[in-house]
Amino acid sequence: MSVARSSLWMAGGTTISRVLGFARSVILAAAIGVTTNAADAFGVANQLPNNVYAIIVGGLLNAVLVPQIVKARSNKDGGKGYIDRLLTLIITVFFVITLAATLAAPFLVSIYTTGWSDQQLALATAFAYWCLPQLFFYGLYSILGEVLNARSAFGPYMWAPVLNNVVSLIGLAAFVILFGADPTGARAIESWGPAQITLLAGTATAGVASQALILLFAWKRIGMKLNLNFKWRGFGLRPALKAASWSLGMVVVTQIGGLVQTIVASSAVSGRSSNPAIASVAAAAIAWLIFMLPHSVATVSIATSYFTRMSKHAHENRIDLLKNDLAAGLRAISVISVFATFALIVLAYPVSRVFVGEFAATAALGNVLIALMFGLVPFSFVFMMQRAFFSLEDTRTPFWFTVVQISMHVAGALTIAATVPAAQIVVALSALTSVTILVQAVIAYTLLSRRIGSLAEHRITQATTQFLISGFLAATVGWFVLQLFGGLTENAFAVDTVISSVLTIGIVGFVMLAVYIVALRLLRVQEVDTVLAALKGILRR
């Protein structure tokens, strides 16, 4: 199967998973609200394992597993002994980290929040005891999935989260049926009991566990079996551990940045007495979920397909082929990310209305999303360029350009905490994220060009400019169509109800996509034909 078809096959699983994830977020918002104290308590608790998982997939495991497994396949046993030992080591590390993190739940919650009442801290800690075991299952899912990717079995890794969302949806539906919906926070913090906490947080963890364990069946289908082997000495694990050490440093640095951001975002809760719709931790999490939709569907799918190829080319010292794959991946990522950026900026308020009820809360979440979306394209570029460094077994360089980005982010977040009003804190943090990611992308591109040579002949800048022109035209037309629905004022059709918002998103989004594709065709952009041809091939199959 070609890279384009593999990417679209993975994107299909990710799309269904994200649609279900959106449904889960909508039901969660109905169950406990978005700008409520209970929502922020659950948001902090559930964010603890999620943050670490996102970093691990983007750094530690991705940097180590695929390149090392590709190299190990040349061994007499096809890499089986090496894989068993490496995975046993990683699983052991994850188990120890998960156990330590769960025992430290009260401490972790306390350092991720500021200005919270004792009751809200107690609720967040109770949630955290149930949520933190997700760390182990996220790690298991990652390592099982990365081995499948290294064997070019890409589908299961992207389709497994569908089961996670199904399990979580069942749990949320049961919660609403048994305990009722509470989108405005009428349920007092003190009224939360063990049954409510267990059902809400426990089913979230059960979903993650099912997502990991189902990959064992995918292993069996390709003739693999995990045999734990604790004989780590003298089996060539040193290169993997060296690569992991720099990635672990990147994990620590990024966690510091995430910690500071969460603390600053949680401080916005103090302003809720004057404005109950102030965005805080839960709103930031939902904005990030929306932001990650195009990234997960397009960028992760495309980068995963190319990563194995780039690792193989790097192992064979074919840098010319590695550059071809990198450039093709960046162009394919850009054509989708640019459209997603313009579409979600134009439709930020209708999309936000799906998650919240009051117009004030819709505007608060919408503004956070708009500020965040400007960072999507550079964020996706950094993700792909990290894969190029990882394929070269270079984890040190990504560590250093991550240090620069996080240092800027921490300094900016502390400045925001001291100078920005509570109502605008999360918006300012989102804008800061976009700016620092852009700087990170520029640094990463410069350093990568020095490592593998110039990418000028691969027309990345020219292609991205064409995408931006087409995206701007689509956004302009979409904005005018949005005005036909009454604009974005309170009680306007586009933000009046969930149903009207969904209809607006569908109609305006379709018009924008049509304009975007026509503009790309007129500019003779090749990537459109490549994607359409791959999609037709999958439909035929």
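The values are calculated or read from the model by the stated rules, or taken from the named source; none is laboratory data. Please read these numbers as outputs of a predicted model, since none were measured by experiment. All Cβ positions, glycine included, derive from the backbone under ideal geometry; neighbour counts span all protein chains shown. Each accessible area value is taken on the protein alone, full model and side chains, heavy atoms only, with ligands, DNA and RNA left out. Shrake-Rupley method; radii C 1.70, N 1.55, O 1.52, S 1.80 Å.
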| message | Taking 0.36 nm per residue of sequence separation and subtracting the Cα-Cα distance, how much length would be gained by fully extending the chain between Ile111 and Leu447, in nm to one decimal? | response | 117.5 nm
| query | In the full protein assembly as shown, how much of Leu347 is accessible to a 1.4 Å probe, in Å² to the nearest 10? | reply | 10
| Extended-chain gain in nm, criterion 0.36 nm per residue less alpha-carbon gap, Leu513 and Phe230 | 96.6 nm
| request: Mind running the shape call on the range 473-518? Use the C-alpha gyration tensor, a ≥ b ≥ c as the square roots of the eigenvalues: rounded below 1.5 for a/c, prolate if a/b tops b/c, oblate otherwise. | output: oblate
| note | For Phe107, Phe42, the accessible-area ranking with a 1.4 Å probe, largest leading, is Phe107, Phe42
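How would you order 385-398, 450-463, 92-105 from highest to lowest mean count of nearby Cβ atoms within 10 Å?
Order by mean packing, descending: 385-398, 92-105, 450-463.
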| said: Can you tell me how the range 157-236 classifies by the Cα gyration tensor, rounded, prolate or oblate, using a/c under 1.5 as the rounded cut? | reply: prolate
| field | Length released on extending from Val96 to Gln526, taking residue separation times 0.36 nm less the Cα-Cα span | value | 149.9 nm
| Residues Val19 and Glu490, FRET efficiency given R0 of 41 Å [Cβ-Cβ distance, rounded to 0.05] | 0.90
| said: Below 18 Å, Cα to Cα, which aspartates and glutamates can Lys231 reach? Residues fewer than 8 away in the same chain don't count. | reply: Asp77, Asp84
| message | Classify the range 323-437 from the C-alpha gyration tensor, please: rounded if a/c falls under 1.5, else prolate or oblate depending on whether a/b exceeds b/c. | response | oblate
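Kindly provide the trypsin sites (Lys or Arg not before Pro) of the range 316-354 that DSSP labels as loop, not H, G, I, E or B, and whose Cβ sees at most 16 other Cβ atoms within 10 Å.
Working: sites: Arg318, Lys323, Arg331, Arg353; in loops: Arg318.
Here the sparse-neighbourhood loop sites are Arg318.
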